[in-house]
Amino acid sequence: MGKALITQELVDIILSSFVRETPFPKASIYWEFQDDFQSLFISIPIDDFTETELAPAIKRVEKIMNDAVPKRDDDYSWVVGFKKAGEVVDSCFGGNLVAPGSGV
């Protein structure tokens, strides 16, 4: 595999942006490197938020990720899952040069 796209420094920047720009507290966010540091998976619990709070926050997460995470041409470079009661109920993803855009 090539050079790592995802680094600890990048994760720190992303998490700091989440804390500044969304209602999600850093302590509740789970993340992991995937695919030999070519992809980042993030899980955010949303049990304590209303739909009114969530819609703009999810859009902001998507923008932060699209702006921060390098793209690759063979797969997605990031996925964020939003969980209620431990189950993923929404997600967004991106970073694929072949299939730009993301799904929310």
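Could you check the range 46-71 and list, in sequence order, the residues that are among the charged types (D, E, K, R), exposed (fewer than 12 other Cβ atoms within 10 Å of the Cβ) and more than 27 Å from THR7 (Cβ to Cβ)?
Initial filter on the range 46-71 (among the charged types (D, E, K, R)): 47-48, 51, 53, 59-60, 62-63, 67, 71.
When the remaining residues are screened for being exposed (fewer than 12 other Cβ atoms within 10 Å of the Cβ), the result is 47-48, 51, 67.
If the condition is that a residue be among the charged types (D, E, K, R), exposed (fewer than 12 other Cβ atoms within 10 Å of the Cβ) and more than 27 Å from THR7 (Cβ to Cβ), then ASP47, ASP48, GLU51 are the ones that fit.
For GLY94, which of the numbered conditions (1) in contact (Cβ under 8 Å) with a residue 24 or more places away in the chain; (2) within 20 Å of ARG20 (Cα to Cα) fails to hold?
Only one criterion in (1) in contact (Cβ under 8 Å) with a residue 24 or more places away in the chain; (2) within 20 Å of ARG20 (Cα to Cα) is unmet by GLY94, namely (2).
Going by the conditions given, is ILE42 within 12 Å of the chain's Cα centre (by Cα), at pLDDT 95 or above, β-branched (Val, Ile, Thr) and more than 22 Å from GLU9 (Cβ to Cβ)? Steps first, please.
On the way: within 12 Å of the chain's Cα centre (by Cα): yes; at pLDDT 95 or above: yes; β-branched (Val, Ile, Thr): yes; more than 22 Å from GLU9 (Cβ to Cβ): no.
Spelling it out, it is not the case that ILE42 is within 12 Å of the chain's Cα centre (by Cα), at pLDDT 95 or above, β-branched (Val, Ile, Thr) and more than 22 Å from GLU9 (Cβ to Cβ).
For (1) under 29 Å from LYS3 (Cβ atoms); (2) touching a strand residue (DSSP E or B) at 6+ places or on another chain (Cβ under 9 Å); (3) modelled with pLDDT of 95 or more, each residue gets a yes or a no:
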position: ARG20; (1), (2), (3): yes, no, yes
position: PRO23; (1), (2), (3): no, no, yes
position: GLU32; (1), (2), (3): yes, yes, yes
position: ASP75; (1), (2), (3): yes, yes, no
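So, VAL89, is that one aliphatic (A, V, I, L, M), open to solvent by 60 Å² or more (accessible area, probe 1.4 Å) and more than 20 Å from THR7 (Cα to Cα) or not?
yes
Those residues that are under 13 Å from SER39 (Cα atoms), in a strand (DSSP E or B) and of a type outside the set (A, V, I, L, M), I need them from the range 54-104; list them, please. Break it down into steps so the answer makes sense when it comes.
Going residue by residue through the range 54-104, those that are under 13 Å from SER39 (Cα atoms) are 65-66, 68-80, 93-96.
Checking the rest, the ones that are also in a strand (DSSP E or B) come to 72, 78-80, 93-94, 96.
Passing the criteria: ARG72, TRP78, PHE93, GLY94, ASN96.
If I go through the range 31-45 residue by residue, how many of them are assigned to a strand (DSSP E or B) and open to solvent by 30 Å² or more (accessible area, probe 1.4 Å)? Give the derivation first.
We begin by selecting, within the range 31-45, every residue assigned to a strand (DSSP E or B); these are 31-34, 39-45.
Still in the list and also open to solvent by 30 Å² or more (accessible area, probe 1.4 Å): 31-34, 41, 45.
So the count comes out to 6.
Go through the range 45-83 and report how many residues are touching a Lys or Arg at 6+ places or on another chain (Cβ under 9 Å) and closer than 14 Å to VAL11 by Cα.
Kept after step one, since they are touching a Lys or Arg at 6+ places or on another chain (Cβ under 9 Å), are these residues of the range 45-83: 45-47, 77.
Still in the running and closer than 14 Å to VAL11 by Cα: 77.
Counting residues in the range 45-83 that are touching a Lys or Arg at 6+ places or on another chain (Cβ under 9 Å) and closer than 14 Å to VAL11 by Cα gives 1.
Picking from PHE18, PHE24, which residue would you name as being assigned to a loop (DSSP other than H, G, I, E, B), buried (at least 20 other Cβ atoms within 10 Å of the Cβ) and not aliphatic (A, V, I, L, M)? Talk me through it step by step, then tell me what you get.
Working: PHE18 fails: assigned to a loop (DSSP other than H, G, I, E, B).
Answer to the check: PHE24.
The values are calculated or read from the model by the stated rules, or taken from the named source; none is laboratory data. The shown structure was predicted, so the numbers you read here are calculated from the model rather than taken from an experiment. Note that we place each Cβ from the backbone using ideal geometry, even for glycine, and neighbour counts take in every protein chain shown. Areas reflect the complete protein model, heavy atoms only, side chains present, ligands, DNA and RNA absent. Shrake-Rupley method; radii C 1.70, N 1.55, O 1.52, S 1.80 Å.
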